[in-house]
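Below: the structure, in C-alpha cells.
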Amino acid sequence: MNDGARPTGNRDLAHRPRLNGRRGWYSRPMHVAFSDRGGATYAALDLGTNNCRLLVARPAGEGFRVVDAFSRIIRLGEGVSSSGRLSDAAIARAVDALAVCRNKMRNRGVTRARLIATEACRMAENCDEFRVRVRDEVGLDLEIVDRETEATLAAIGCTPLIDPQADGVILFDIGGGSSELVRLGRPEPSGRGPPRPQIKSWVSLPVGVVTLAERHGGVQVTRDSFDAMVDEISEHVNGFAAEHGEDLGGLHLLGTSGTVTTIAGVHLDLPRYDRRRVDGCWMSEIEVSEVVERLMGMSYEDRAANPCIGAERADLVLAGCAILEAIRRAFPCERLRVADRGLREGMLIELMRADDVWGHEIA
C-alpha cells in the first residue's frame, strides 16, 4: 500500500481504557505526539469474508495521507455458507490479524477509528461469540455493518475516481461473501475535502468470490463451470439492471475489489503488484476481456505463480471474473476504471468529515 496522499457512527481509541470490565479500546482519546492538523490520527479496519485490512491516516490538503497499512488474507468466511458458522481455524487467523492491526494503531497513536466486519459475520450464527473473543483477546470492538452501509462506504471511498466528464458510474465491489452494485450520478460539490457521492440506487448481491468458488470450484475451472458461475450471478444482477441500467452512454464502470486490481495488474504485466500504477488506471472493454481469457487459459499453478495473483488468490480469481462478467453483460459500458480503494477510505473520509478537518463544506 502506498503511503502517498489520497484525494479522496465513529469511534475513538483509548490508550488504556476498560470495556465492559475488560481491557479494550473504545471512546476515550489517547495522547498523540504527532500532529498534522489538530493532532488527530485516524484508522479504518475492514474485516471481510476474505481479507483483514487496515489503513491509518492523517489529514493532508483536501484529502489524507496514509501513514500505515495492513492487509492479510484470512478467509474468515471459509465454509460459513454451508455450515452457518465461523470455523475455529478461521477465527484464529482473524484474531492473529486483528492483533497486528491493534499494535499498528497503538504504535501510530490512533485517536479515532472505525472497525467494521461484513458478510461473514452477518451470516455466522456464532458471530457474537467471535466478537466477544476479539474484545477479550485483542481489545477491539467490531461493528457489524449492514449491506447498505457497506455500499455507501464503498461509494464514498471511490467517488474521487469518477471521470468528471462522465454522467456517473456503475460502481461495483466484489467481496468475499457479498458483492455490491451502486449507480452513482456526478459527484456533489463539497466545497472542501473529497467529493460527496450521489447515490441513485444500490443493491447487494448475496454472493462473493469465496462463496461462489466453494460452490463451483476454484482450482480447476472449465469453460462450463465458469459459465455456470456467470449464470448464477446474472440471476441476481439482471433485476437491478432492468430497473437501473438505462442510459449508459455517459457512464463508465468503476470497480473496487481484489478481482479488478488483479485484472489490472495482469493487464499491465507488473513484475509485482504496484498500487500506484493500478489505482485509477483505465481499461477498455476489450482489454478486460483479453485478461479474463488469459486467466481462463492458465492452470491453477500458473495463476499461483503470477505475482499479481499469488497462491492465496489463485482459487478465487476466476470466481471474481465470473461476477465481473455478469456485471459487464448487464451494464455494457466501454470503459472500466480500477480502484485500489473502497470501504476503508470511505470510513476515513466520514471520520475526518465528522471532525470538520477540511473546514467549511457545502451542505
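One line per residue, one yes/no per condition, for (1) under 17 Å from ALA43 (Cβ atoms); (2) at pLDDT below 95:
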residue	(1), (2)
SER81	no, yes
ALA89	no, no
ARG93	no, no
ASP96	no, no
ASN103	yes, no
ARG108	yes, no
ARG114	yes, no
ARG122	no, no
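In a residue-by-residue description of segment 314-334, the property of being under 20 Å from PRO160 (Cα atoms) and buried (at least 18 other Cβ atoms within 10 Å of the Cβ) applies to at least one position. When ARG85, ARG102 are screened for being part of a helix (DSSP H, G or I) and more than 17 Å from the chain's Cα centre (by Cα), only ARG102 passes. Screening VAL110 with (1) β-branched (Val, Ile, Thr); (2) farther than 17 Å from ASN50 by Cα; (3) not in a loop (DSSP other than H, G, I, E, B) gives one miss only, at (3).
Restricting the search to strands (runs of 3 or more DSSP E) fully inside segment 171-288 and requiring at least 1 residues that are under 30 Å from ASP355 (Cα atoms) and aromatic (Phe, Trp, Tyr) gives 199-205.
Considering only residues in segment 306-333 that are assigned to a helix (DSSP H, G or I) and farther than 24 Å from ASP269 by Cβ, the one that is nearest to the chain's Cα centre (by Cα) turns out to be ILE327. Being part of a helix (DSSP H, G or I) and under 19 Å from the mean Cα position of the chain (by Cα) is a property that ARG75 lacks.
The sole residue among VAL230, VAL291 that is under 18 Å from GLY175 (Cα atoms) and either of a type in the set (Val, Ile, Thr) or exposed (fewer than 13 other Cβ atoms within 10 Å of the Cβ) (or both) is VAL230.
The values are calculated or read from the model by the stated rules, or taken from the named source; none is laboratory data. What you are looking at is a predicted structure, and each value in this text was computed from that prediction instead of being measured. Using ideal geometry, Cβ is built from the backbone for each residue, glycine included, and neighbour counts are taken over all protein chains shown.
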